[in-house]
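Just so it is clear, none of the values below were taken in a lab; they were calculated from the coordinates. Please read these numbers as outputs of a predicted model, since none were measured by experiment. Positions of Cβ are backbone-derived with ideal geometry, glycine not excepted, and every protein chain shown enters the neighbour counts.
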């Protein structure tokens, strides 16, 4: 099938650009030095492509992602890099331990107790390295590890995500601050022990040489938010839309805010002749835009490029793999939900 | 089950508040005077509750919504208030015409041709009444209707959505502008003919007495965006979250931007003791917040109230109906996708 025969809106991945991104990262952080974050794509087929690049351990953000990865046979080392308290969700995690190595983040006595009560076996101590989100203070990490070991849990090490440092205009300042966040993480690790020191993301992957693994996810498909910092990764994903209405002043395509993560602002839009466009606004099922040059006619196709890839993937149930104009595969987005 | 036993994040509807909203609107626009828009909830069970209130015609934004409504036995009069060009999508619409009355919006020769070629039988002429989105100019509407009738299509009337007037602080200005938009629509209707003049939404439902039907959707569940204009409708839906990490300075709950439409900005958050909170930011699976009073402890539940209900519903595959603390039903969100 030709990509232009797809019903729109259609989530499209350029397979050669994806492979470029995967191969580029596999050189920078080969094998176990990268623990790809599946939250960025929620797709076991894409995770399998990362596995083929030599990465056999994965990061997940939800129980559904862990369970889905285990079911897909990709469970050799799954880290749920998030705190979970609900017994039903933890039971679902525990149930896949016979086919997968499951490790869950803990950052408090309550999360340690919940993990132990559910019969989970492995934990990582989540350390706050500056982002106001989950993670204990570095000086608490040893105590959390002691609590976990006291409950019979294996403590595999520490993680600390410096999400607040991913996109910074001043690269020198970014380098200094990432070093400081790693200092905090290593201080915690000295008290915790274990083999794993896990940190980083697509915005800081090039600044990490003192951790055992990097958790990058967005690098595989990219978005306009990460693109502005300048990386070797290229935009491999867009949503194909059709112009369904046009006037001399503006045009409307069928890619709305239910097909596009909006927390990082409007997407970018390109017409097929390579023109950019001013995006006026998105409605549930529409984007209103004005091409920078030329006019858009009813029936024309456009590429809508997300500002944030992670929630965009989560809005679709399938993605189409293309090489040139040919559709070569269809991958379910099978790790959605919780 | 008690609502506080639900695994989080959980999309929750207070059934009594929902019924209040449905009954209130059914008084203002009884029966066929309201064509509820299912895009706001994407749930056939909720549409069935609207049907029980006497509304037997519905508005849809996607082919999937029309097909799902027809499959649920709610197809007595389904309007796809959106333009569609792709033959495969139009064929799916045409295929349900044996069990449903399907009417599709057209606003150009191309959309008329596509509808006719697919074997669709009924159209409505979509008229631009000021919102820069779909719809022909009012003075073109008669020509579009002629084209449609020339292709053997039944033209049921006109629609024109004044989405740019839904939320205005100056109510006098809103009233004047809505009257002007209706003037444009009625001018088009004079040229088009047919029984239907369809317009309006939750923000303007009270200003319409010259159209045959109002297309409101958000009134059923509401959101913080519509709440600020002051309506008789109450907030009937929230996402239940659990505090999974807490510090003296902030807390983190498990309701992130993959569970919450973000195009209208951050959601509101309330703790169970009725305190509001400052919402700092949302990540994929987290909201970081500070309660206005007291402290949030690990394990506490919070209510996260969406700024935009429509995309929030589309992110969940199920919603839980509660009365007080009791979970009384589970409704699939079965109209997602395209």
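Rounded to whole Å, give me the distance from the Cα center of the stretch B:225-247 to that of the stretch B:263-338. Comparing the Cα centres of the stretch B:225-247 and the stretch B:263-338, I get a distance of 6 Å. The mean count of C-beta atoms from other chains within 10 Å of the C-beta of residues in B:153-160, rounded to a whole number, is 0.
Take every pair of alpha-carbon atoms less than 8 Å apart whose residues are at least six positions apart; their mean separation over the length of the stretch B:131-228 yields a relative contact order of 29 percent. Stretching the chain fully between residue B:179 and residue B:210 yields a gain of 10.3 nm (0.36 nm per residue, less the alpha carbon separation). The distance between label points at residue A:229 and residue A:190 comes to 2.7 nm (points 7 Å beyond Cα on the Cα→Cβ vector). Spin-label model, residue B:24 to residue A:280: label points 7 Å out along the Cα-to-beta-carbon direction sit 3.2 nm apart.
A simple packing score, the average count of other Cβ atoms within 10 Å per residue, orders the peptides A:203-213, B:318-328 as A:203-213, B:318-328, with the highest score first.
Angle check, please: helix A:141-150 long axis (alpha carbons) against the longest principal axis of chain A (alpha carbons), in degrees 0 to 90, nearest 10. Tilt of helix A:141-150: around 70 degrees. Rounded, prolate or oblate: which fits the stretch B:30-215, taking a ≥ b ≥ c as square roots of the Cα gyration tensor eigenvalues, rounded meaning a/c under 1.5, else prolate when a/b beats b/c? Oblate shape, in that a/c is at least 1.5 and b/c is the bigger or equal ratio. Dividing the summed helix terms, -39500 (n - 2.57) for each DSSP H run of n ≥ 4, by the number of residues in the protein assembly as shown produces a 222 nm estimate of -8000 deg cm²/dmol to the nearest 500.
Quick one: which of B:303-316, A:168-181 comes out on top by average Cβ neighbours within 10 Å, and what's the full order, highest first? Before the final figure, lay out each step's value.
On the way: B:303-316: 24.4, A:168-181: 14.6.
With the highest mean Cβ count within 10 Å placed first, the list reads B:303-316, A:168-181.
Return the FRET efficiency for the residue pair residue A:154, residue B:91: r is the Cβ-Cβ distance, R0 is 56 Å, and the value is rounded to the nearest 0.05. Write out the running numbers ahead of the final one.
Values: r = 56 Å, r/R0 = 0.99.
About 0.50, to the nearest 0.05.
For the protein assembly as shown, just say rounded, prolate or oblate: build the C-alpha gyration tensor, square-root its eigenvalues into a ≥ b ≥ c, call rounded for a/c under 1.5, and beyond that prolate if a/b exceeds b/c, oblate if not. Walk me through the intermediate numbers first.
Details: a/c = 2.14, a/b = 1.59, b/c = 1.34.
It is prolate, given that a/c is not under 1.5 and a/b is the larger ratio.
Using only alpha carbon pairs under 8 Å that are at least six residues apart, calculate the relative contact order of the stretch A:30-215 and give it in whole percent. Working shown, then result.
Details: 386 pairs, mean separation 31.7, N = 186.
Taking the mean separation of contacting Cα pairs over the length of the stretch A:30-215, I get 17 percent.
The ranking of B:280, B:338 by Cβ neighbour count inside 10 Å, starting from the fewest, reads B:280, B:338. What separates the Cα centres of the stretch A:159-174 and the stretch B:166-215 is a distance of 50 Å. Principal-axis analysis of the Cα atoms of chain B puts helix B:15-28 at an angle of about 30° to the longest axis.
What is the average number of partner chain Cβ atoms found within 10 Å of a Cβ in A:279-288? Walk me through the numbers on the way to the answer.
Working: counts 0, 2, 6, 2, 9, 13, 11, 8, 1, 4.
Partner Cβ neighbours, averaged per residue: 6.
So, by mean Cβ neighbours within 10 angstrom, what's the order for A:69-76, A:125-132 with the highest one leading? Don't skip to the answer; put the middle values down first.
On the way: A:69-76: 18.2, A:125-132: 24.6.
Most protected by this proxy first, the peptides run A:125-132, A:69-76.
Any idea what the relative contact order of chain A is, in percent, if you count C-alpha pairs under 8 Å spaced at least 6 apart? The value is 21 percent. The distance between label points at residue B:270 and residue A:249 comes to 4.1 nm (points 7 Å beyond Cα on the Cα→Cβ vector). Answer rounded, prolate or oblate for chain A, using the Cα gyration tensor with square roots of eigenvalues a ≥ b ≥ c: rounded when a/c is under 1.5, else prolate when a/b is larger than b/c, else oblate. It comes out prolate by the Cα gyration axes. If you average the alpha carbon positions of the stretch A:20-69 and of the stretch A:111-128, how far apart do those two centres end up, in angstrom? The distance from the Cα centre of the stretch A:20-69 to that of the stretch A:111-128 comes to 23 Å. Averaged over the residues of peptide A:35-43, the number of Cβ atoms from other protein chains lying within 10 Å of each residue's Cβ is 1.
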